[in-house]
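A.B. asks: Would you mind keeping the following structure in view while I ask a few things?
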Amino acid sequence: MASGRLITRAADRQPAALVQGGLRGALRIAALCALFGSALPVSAQAPDACAKPLYLTFDTGHMAVAPLIADVLARHQVKVTFFGANEAAQVGDGSLGEHWAPWWKARAAEGHAFASHTFDHVYWRADVPGDPPRFRVRASAGPRAGVTETWTAAQYCTEIGKAASRLEQITGSKPLPLFRAPGGKTSPAFLAATRACGYAHVGWSPAGFLGDELSSETHPNELLLKKALREVRSGDILVAHLGIWSRKDPWAPAVLEPLITGLKAQGFCFRTLRDHPQYRDGIAAKTPR
């Protein structure tokens with residue numbers, strides 16, 4: 001499977017007003033879609049046809065753009081997989097807190113899928129020699145944020161399960177038996193340990209890194225859109241976030257809508273990870289009948 005990569009978030013927090021710039025430039029960059037489109041719209045195909053599937057995923061973030069993202073997904077009838085962690089939010093008591101619970105519940109009603117991103121957004125940092133397996137970890141949210149600790153495999157699996165349980169509690173929908181490690185950082189020993197406790201790891205494809213964690217000064221929205229429309233291929237897992245603190249010109253929804261439109265024009269279609277060939281059999285085996 002595609003492996004993730006670490007993009008470190010800036011420690012400084014940008015003012016909330018900067019996030020409101022997410023719509024700036026949307027009209028300017030929407031025209032790029034035409035450069036990569038095809039004559040036959042996907043809507044003309046059979047409803048169940050999906051010859052060129054893509055798997056769009058979102059990790060949690062500061063949540064300020066989450067309602068706008070939901071609007072775009074609903075407008076274009078795109079289903080995605082959300083990886084949830086209880087990260088700091090611009091409004092409310094965390095991205096999995098009570099303030100945002102109705103938002104998550106509404107996404108479940110729309111048919112989106114959910115999986116764990118660890119409750120306190122806990123990064124794997126290194127393997128610790130010895131047996132049984134232990135790992136050096138560091139949370140970026142919650143009461144242990146910024147503290148480096150050594151955990152057993154069981155402790156990390158409990159952390160994965162805590163986010164999955166919270167997602168199930170607030171959505172009423174059982175999460176997929178998948179998880180995404182923060183930053184996509186893993187090791188073979190770490191992945192073996194998490195598989196043993198029932199969770200398959202999901203990274204992203206090389207072209208699937210949509211760049212919303214990068215600096216908007218060096219990677220403007222127009223450039224990110226054009227790159228994705230040019231490089232994404234059938235079967236790719238794509239990753240973006242529900243808000244990035246350090247990006248001054250937010251990626252969503254300014255890039256998201258023309259990206260979806262442009263990819264659909266190329267004949268791509270969107271599916272959740274329930275349908276991904278690498279994960280669907282394992283998901284089906286663990287889904288109660």
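A.B. asks: How would you rank 228-235, 156-163, highest first, on the average number of other Cβ atoms within 10 Å across their residues?
C.D. replies: Sorting 228-235, 156-163 by mean packing, highest first, produces 156-163, 228-235.
A.B. asks: Using a Förster distance of 41 Å, how high is the FRET efficiency between Glu217 and Ala101, based on the Cβ-Cβ distance and rounded to 0.05? Please report the intermediate quantities before stating the final value.
C.D. replies: Details: r = 35 Å, r/R0 = 0.86.
The pair Glu217/Ala101 has a calculated efficiency of 0.70.
A.B. asks: If you find the alpha carbon centre of the stretch 67-142 and of the stretch 165-202, how far apart are they in angstrom?
C.D. replies: First find each Cα centre; the distance between them is then 11 Å.
A.B. asks: Using label points projected 7 Å from each Cα along Cα→Cβ, tell me how many nm separate Thr158 and Lys248, to one decimal.
C.D. replies: 4.4
A.B. asks: Still on this model: Work from the charge dipole of the stretch 21-274 (Cβ charges, +1 for Lys and Arg, -1 for Asp and Glu, about the Cα centre) and give the residue of Pro143, Leu273, Trp100 farthest towards its positive end.
C.D. replies: Of the listed residues, the answer is Leu273.
A.B. asks: Give me D for the stretch 213-289 in µm² s⁻¹, whole number, from Stokes-Einstein with Rh from the Kirkwood sum over alpha-carbon pairs, 37 °C and 0.692 mPa s.
C.D. replies: This corresponds to a translational diffusion coefficient of 227 µm²/s.
A.B. asks: Tabulate in residue order the Karplus-calculated ³J(HN,Hα) for the stretch 104-119, using 6.51 cos²θ - 1.76 cosθ + 1.60 with θ = phi - 60°, rounded to whole Hz; enter x for Gly and Pro.
C.D. replies: 5, 4, 5, 5, 4, 5, 7, x, 6, 10, 9, 7, 7, 10, 6, 5
A.B. asks: Right, another one. With each pseudo-label sitting 7 Å past Cα toward Cβ, what's the Arg233-Cys197 distance in nm, one decimal?
C.D. replies: 3.5
A.B. asks: While we're looking at this one, here's another question. Count charges around Ala189 for me, please; just the other residues with Cβ under 10 Å from its Cβ, Lys/Arg as +1, Asp/Glu as -1.
C.D. replies: 0
A.B. asks: Could I have the simple spin-label model distance between Arg75 and Glu149, label points 7 Å from Cα toward Cβ, reported in nm to one decimal?
C.D. replies: Modelled inter-label distance: 4.2 nm.
Readers should treat all values here as calculations from the given coordinates under stated rules, not as data from a laboratory. Remember, it's a predicted structure, so these values are computed and weren't measured experimentally. Because the Cβ atoms are built from the backbone with ideal geometry, glycine has one as well, and the counts that use them run over all protein chains shown.
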